[in-house]
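Asks: Here you go, one structure.
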Amino acid sequence: MSQADQTESVEQDGVIESVSGPVVTATDLDARMNDVVYVGDEGLMGEVIEIEGNLTTIQVYEETSGVGPGEPVQNTGEPLSVDLGPGMMDSIYDGVQRPLDVLEDKMGTAFLDRGVDAPGIDLEKKWEFEPEVAEGDTVEPGDVVGVVEETVTIDHKVMVPPDYEGGEVTSVESGEFTVEETVAELSSGEEIQMRQEWPVRQARPAGDKETPTEPLVTGQRIQDGLFPLAKGGTAAIPGPFGSGKTVTQQQLAKWSDADIVVYIGCGERGNEMTEVIEDFPELPDPQTGNPLMARTCLIANTSNMPVAARESCIYTGITIAEYYRDMGYDVALMADSTSRWAEAMREISSRLEEMPGEEGYPAYLAASLSEFYERAGKFQLINGGEGSISVVGAVSPPGGDFSEPVTQNTLRIVKTFWALDADLAERRHFPAIDWNESYSLYKDQLDPWWEANVEDDWPEVRQWAVDVLDEEDELQEIVQLVGKDALPEDQQLTLEVARYLREAWLQQNALHDVDTYCEPEKTYRMLQAIKTFNDEAFDALDAGVPVDEIQNVDAAPRLNRMGTAEEWNEFIDELENDLEEQLRALY
Amino acid sequence: MKEYQTITEISGPLVFAEVDEPVGYDEIVEIETPQGETLRGQVLESSEGIVSIQVFEGTGGIDRNASVRFLGETMKMPVTEDLLGRVLDGSGNPIDGGPEIVPESREDIVGEAINPYSREYPEEFIQTGVSAIDGMNTLVRGQKLPIFSGSGLPHNELALQIARQATVPEEADGDDEDGSEFAVVFGAMGITAEEANEFMDDFERTGALERSVVFMNLADDPAVERQVTPRLALTTAEYLAFEKDYHVLVILTDMTNYCEALREIGAAREEVPGRRGYPGYMYTDLAQLYERAGRIEGKEGSVTQIPILTMPGDDDTHPIPDLTGYITEGQIVMDRDLNSQGIEPPVNVLPSLSRLMDDGIGEGLTREDHGDVSDQMYAAYAEGEDLRDLVNIVGREALSERDNKFLDFADRFETEFVQQGYDNNRSIEETLDLGWDLLSMLPKEALNRIDEELIAEHYREDVGEEAEAVQAD
């Protein structure tokens, strides 16, 4: 059941038996699991989550204050679904795909009222449809019959729904249509509209999964450089509050080279969503130069919005992502935060008085998480094409303790782990990704891409950086005990090089116009410049130059300015020259 | 309205009664005891034939003969502009001996969520006059910025100082000087009578009371009432902000008492507990309070929240500060060590944070060097802090000249920048200039977070030389 066909007749009436927060029980309701129902006199939207004899348990997506026993419950007979079609880009939805801008209009207030519905896509708007098939062609499920320009960036492909039979096209024409008008007819008698419906808890069909070999370029040095994510991969960002989860997620949404971004604000702050709504229409997409919003779909279910809709918003988001994947796009989905989603499951589960698992979470927590992350991947599509969904989930572990169930169950599934660290955040080292704890299992399969597209020796240079940082980690333990000056000179120099790696390369200022996005070539060249300093400095040390003199060469602090340099190629050329000259002049 | 004498069970703050007609969830209930006392409560669960009621004033005096009346509506707060200057109890009844409140309207206290699409992003700088906040963790209009404190720390003094001094600078220059002042809504939950007196004395002494609405639930008032007090306060704040165009500062203290009350009710209802016995829905419940801060597009007013909470055992991983930190837009952290050193206010800036700071500062808002100065001071102070551990082991002499400068910086940062006293109101200019005084102790090359042009403009060559001269002596 999606918002668009709320006018269809209801099937069966039940009666409310009890109300406790978002959980309502009803008697005499003839319903299947996961059917959408309308609860009470106000018609609040809900979903069937348990059936026991004549008693049906419903989770309600809206506040239930004032709802009482005896009020009616109407069944729609259909599961929770989303409306799929042109108009989803550049939109902002709540957890059950009600467009928030339309709701504001309908409610006439800035506060979210109850019992108001709106279709997920505009049913009135006419779109210019351009056929890609001719009469007489044979089409199968998933095949593209035509194209609509959805936004300046995105061509929306109108496909044969996956649950159709397919057949010969008997009529198709170009022109302006609403999403509900038929644009093509098939010999099987099926009619194709731009709008499809799909139940959110069911993955859209696709062919085999492939091994991803292309990175999702994020423009963030530590992520691209040390812990890359593949297009079609999964990543988790756990971190205590204040460590920059949301900024990291937003940076990915802004700069990653996906075709489509689905951003889910799940149980997070209202002001953060507002920031996205205000910023994204103005920021240019680094790939196309068009507004970022033209490739973005936002789902906002803030922490004070009803908890049941928070549970469903993850599914709404991934279903929309799958729909664009089916068009052959590379989709990136950010979920901030999956912990709030897990807590919503916990809340509902405890109201159902289910037997709790670890820390009160339901026993099916691990299964739900893996089911969600498994909807990511690089897929063969049913129409023969290729598309991918990359999923990045933020995790908010209580007290920053990574041993809690949501973090642990997530880590068992995802292949890239960006661990955020409160200490780094406190000293304003951003992104506060802890390089000792994070990992990426995609490194090896992505190396060929870096070698082909950036530089041959990329894996070696990266490994050098990792080694230096590892060594620093060990040396720091000694420094804590005896002080830096007690170390031998070569180790002091290693610490100096590591400091530049941290401050000039790993650190990146999301608020600086230039530094906020770093292309792979620049990431490589910056690292190479620090390596030049390293190599020249060690040569000088071997020639007997004291480490103090090496550290004090004029050019070295300029390494810290590479990130913010606009003409970075020239800047780094000159810097490397100066470093070489000045260090060689010492001996 | 039907009256029942059908109470079947009384347990802690909960009363169970049989009913023969449907009762709405969250509805308000009046219970009259045989002694003639009227208690108020709220429907927690409503089933066919039986309801469970949570009684705000506690269940003392109720017996099975008490009569139960269902009012047929959820809890409402009578609101009017005349509430300014009034003192109310935790349930919203006047306790200042003043006239009866004539409401302009009655608002549901649960409050609906603000549509994220209708919000306006907060980016107007509030000058609190406290350097540790203005300079390092800037507060903006519509933000929710809690104070994380501990028992025995002077969080109340800091909250009062903010309430007294908070202004928005541009408006202070305008002709209407009162225009920039905030209306203060003060919600006290479970504070002691002594603390309450301190607050009231300060409000009266500074004349702040006439632009304040005070809700008092004291330590010996019923715990269950604490569930209602912040909602009454926020409903009043929303009315003043979004109907009457006030900029409202809401101070809620102490959120820890609120959460304890939440746990008490959860336990009485025999719910499955979450971490440390707090209910699993505490995150959602707290969010429904904190998220009521903000700005709305097309409305003049704003609601800014400063909730205060005492961290049990000074532990910020305890569920109360932890869940709060995940919802609020940063936190101001009070520190016991700084307090014992006599620093006023004892704000530890390192774990403190204001998430909305970046958009509220800079050219045209505060000063163009604000962001860089704050970043650099953070980094330098953190480095100095690290070095202190080392000094304890190897002594100062074993450290390099550069390291010694960072140590000095950390010391002076605490004793000059953070230390200012509760009656000292510093403008943002003064705060930033003070920042440059301190940063100029460090070598220029060490200022890697600041734009080179800004260094050229603000760096004081003389300060560095002076320090060196002193060292040479």
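The values are calculated or read from the model by the stated rules, or taken from the named source; none is laboratory data. Quick caveat: nothing in here was measured; it's all calculated off a predicted structure. Here Cβ is always computed from backbone atoms with ideal geometry, including for glycine, and neighbour counts include all displayed protein chains.
Asks: So in region A:478-500, with the set limited to residues that are within 12 Å of another protein chain (Cβ to nearest Cβ) and surrounded by fewer than 17 Cβ atoms within 10 Å (Cβ to Cβ), which one is farthest from A:Leu583 (Cα to Cα)?
Replies: Checking each candidate, the answer is A:Leu481.
Asks: Now, a different point. Can you name the number of the only condition in (1) closer than 26 Å to A:Gly40 by Cα; (2) of a type in the set (Gly, Ala, Ser); (3) surrounded by fewer than 12 Cβ atoms within 10 Å (Cβ to Cβ) that B:Gly36 fails?
Replies: Among (1) closer than 26 Å to A:Gly40 by Cα; (2) of a type in the set (Gly, Ala, Ser); (3) surrounded by fewer than 12 Cβ atoms within 10 Å (Cβ to Cβ), the lone unmet condition for B:Gly36 is (1).
Asks: I'm trying to understand the selection: among the residues of region A:510-529, which are over 15 Å from A:Asn577 (Cβ atoms), assigned to a helix (DSSP H, G or I) and of a type in the set (A, V, I, L, M)?
Replies: Residues satisfying the conditions are A:Met526, A:Leu527.
Asks: While we're here: Report every pair of residues separated by at least 6 positions or lying on different chains whose Cβ atoms are under 8 Å apart, first residue within region B:233-253 and among the small types (Gly, Ala, Ser), second in a loop (DSSP other than H, G, I, E, B).
Replies: B:Ala237/B:Arg292; B:Ala241/B:Lys299; B:Ala241/B:Gly301
Asks: Exactly one of these conditions fails for B:Glu271: (1) part of a strand (DSSP E or B); (2) at the interface with chain A (Cβ under 8 Å from one of its Cβ atoms). Give me its number.
Replies: Exception for B:Glu271: condition (1).
Asks: Kindly indicate whether any position in region A:257-270 is in a loop (DSSP other than H, G, I, E, B), under 26 Å from A:Ile222 (Cα atoms) and within 14 Å of chain B (Cβ to nearest Cβ).
Replies: The first filter runs over region A:257-270 and keeps only residues in a loop (DSSP other than H, G, I, E, B), leaving A:257-259, A:267-269.
Next, from what is left, pick out any that are under 26 Å from A:Ile222 (Cα atoms): A:257-259, A:268.
If we keep only those that are within 14 Å of chain B (Cβ to nearest Cβ) too, we end up with A:268.
Within region A:257-270, one or more residues are in a loop (DSSP other than H, G, I, E, B), under 26 Å from A:Ile222 (Cα atoms) and within 14 Å of chain B (Cβ to nearest Cβ).
Asks: Looking only at region B:429-454, filter to residues that are farther than 25 Å from B:Gly129 by Cα and in a helix (DSSP H, G or I); which one of those is farthest from the other protein chains (Cβ to nearest Cβ)?
Replies: Step by step, filter region B:429-454, then rank; the result is B:Glu453.
Asks: Name the single residue, out of those in region B:103-117 being free of Cβ contacts under 8 Å to residues at least 40 places away in the same chain and within 11 Å of chain A (Cβ to nearest Cβ), that is nearest to B:Thr229 (Cα to Cα).
Replies: In this case the residue turns out to be B:Glu112.
Asks: A follow-up question, please. What are the residues in region B:274-293 that are modelled with pLDDT under 85 and in a strand (DSSP E or B), if any?
Replies: none
Asks: From A:Arg412, A:Arg428, A:Arg351, A:Arg375, which residue is charged (D, E, K, R), surrounded by fewer than 24 Cβ atoms within 10 Å (Cβ to Cβ) and under 30 Å from A:His512 (Cα atoms)?
Replies: A:Arg428
Asks: Residue under question is B:Leu309, and the condition is that it be at the interface with chain A (Cβ under 8 Å from one of its Cβ atoms) and either basic (Lys, Arg) or crowded, with 22+ Cβ neighbours inside 10 Å (or both); does it hold?
Replies: no
Asks: Scan A:Glu197, A:Glu150 and give me the residue that is touching a His at 6+ places or on another chain (Cβ under 7 Å), of a type outside the set (S, T, N, Q), surrounded by 15 or more Cβ atoms within 10 Å (Cβ to Cβ) and touching a residue at least 40 places away in the same chain (Cβ under 8 Å).
Replies: Just a single option satisfies the conditions, and that option is A:Glu150.
Asks: Could you tell me whether region A:293-311 includes any residue that is away from chain B (no Cβ under 11 Å) and farther than 23 Å from A:Tyr373 by Cα?
Replies: Within region A:293-311, one or more residues are away from chain B (no Cβ under 11 Å) and farther than 23 Å from A:Tyr373 by Cα.
Asks: For the condition more than 11 Å from chain A (Cβ to nearest Cβ), touching a Lys or Arg at 6+ places or on another chain (Cβ under 9 Å) and surrounded by fewer than 16 Cβ atoms within 10 Å (Cβ to Cβ), what is the one hit in B:Glu81, B:Glu57, B:Glu100?
Replies: Going through B:Glu81, B:Glu57, B:Glu100 in turn, just one is more than 11 Å from chain A (Cβ to nearest Cβ), touching a Lys or Arg at 6+ places or on another chain (Cβ under 9 Å) and surrounded by fewer than 16 Cβ atoms within 10 Å (Cβ to Cβ): B:Glu81.
Asks: Okay, next question. What helices (runs of 4 or more DSSP H) completely inside region B:148-221 contain at least 2 residues that are under 23 Å from B:Thr138 (Cα atoms), assigned by TED's automatic domain parsing to the domain that holds B:Cys259 and modelled with pLDDT of 95 or more?
Replies: Output list is empty.
Asks: For region A:434-443, which positions are assigned to a strand (DSSP E or B) and surrounded by fewer than 19 Cβ atoms within 10 Å (Cβ to Cβ)? Steps first, answer last, please.
Replies: Here is the first cut: in region A:434-443, the residues assigned to a strand (DSSP E or B) are A:439-440.
A:Tyr439 - this is the single residue of region A:434-443 that is assigned to a strand (DSSP E or B) and surrounded by fewer than 19 Cβ atoms within 10 Å (Cβ to Cβ).
Asks: Then there's this: Within region B:355-375, can you find the residues that are crowded, with 23+ Cβ neighbours inside 10 Å and either within 10 Å of chain A (Cβ to nearest Cβ) or under 15 Å from the mean Cα position of the chain (by Cα) (or both)?
Replies: Result: B:Arg355, B:Leu356, B:Gly371, B:Ser374.
Asks: Residue check, B:Glu238 against (1) touching a helix residue (DSSP H, G or I) at 6+ places or on another chain (Cβ under 8 Å); (2) crowded, with 21+ Cβ neighbours inside 10 Å, all met but one. Which one?
Replies: (1)
Asks: A further question follows. Being of a type in the set (Gly, Ala, Ser) and without any contact (Cβ under 8 Å) to a residue 60 or more places away in the chain is the filter here, so list the residues in region B:210-232 that pass it.
Replies: B:Ala219
Asks: Yes or no: region A:431-446 includes at least one residue that is within 14 Å of chain B (Cβ to nearest Cβ) and either in contact with a Leu (Cβ under 6 Å, 6 or more places away or on another chain) or without any contact (Cβ under 8 Å) to a residue 12 or more places away in the chain (or both).
Replies: Yes; the residues of region A:431-446 include at least one that is within 14 Å of chain B (Cβ to nearest Cβ) and either in contact with a Leu (Cβ under 6 Å, 6 or more places away or on another chain) or without any contact (Cβ under 8 Å) to a residue 12 or more places away in the chain (or both).
Asks: For residues in region A:65-82 being over 30 Å from B:Val51 (Cα atoms) and surrounded by fewer than 24 Cβ atoms within 10 Å (Cβ to Cβ), which is nearest to the chain's Cα centre (by Cα)?
Replies: A:Pro79
Asks: Would you point out which residue out of B:Pro34, B:Pro99, B:Pro103 is farther than 30 Å from A:Glu272 by Cα, assigned by TED's automatic domain parsing to the domain that holds B:Glu270 and more than 29 Å from the chain's Cα centre (by Cα)? Write out each step before concluding.
Replies: Values: B:Pro34 fails: assigned by TED's automatic domain parsing to the domain that holds B:Glu270; B:Pro103 fails: more than 29 Å from the chain's Cα centre (by Cα).
Every option except B:Pro99 fails the conditions.
Asks: Okay, next question. Mind checking which residues of region B:26-54 are of a type outside the set (A, V, I, L, M), in a strand (DSSP E or B) and farther than 18 Å from A:Thr64 by Cα?
Replies: If the condition is that a residue be of a type outside the set (A, V, I, L, M), in a strand (DSSP E or B) and farther than 18 Å from A:Thr64 by Cα, then B:Glu30, B:Glu32, B:Thr38, B:Arg40 are the ones that fit.
Asks: Sticking with this structure for a sec: Can you give me the ranges of the helices (runs of 4 or more DSSP H) entirely in region A:365-433 with at least 1 residues that are among the β-branched types (Val, Ile, Thr)?
Replies: A:405-411
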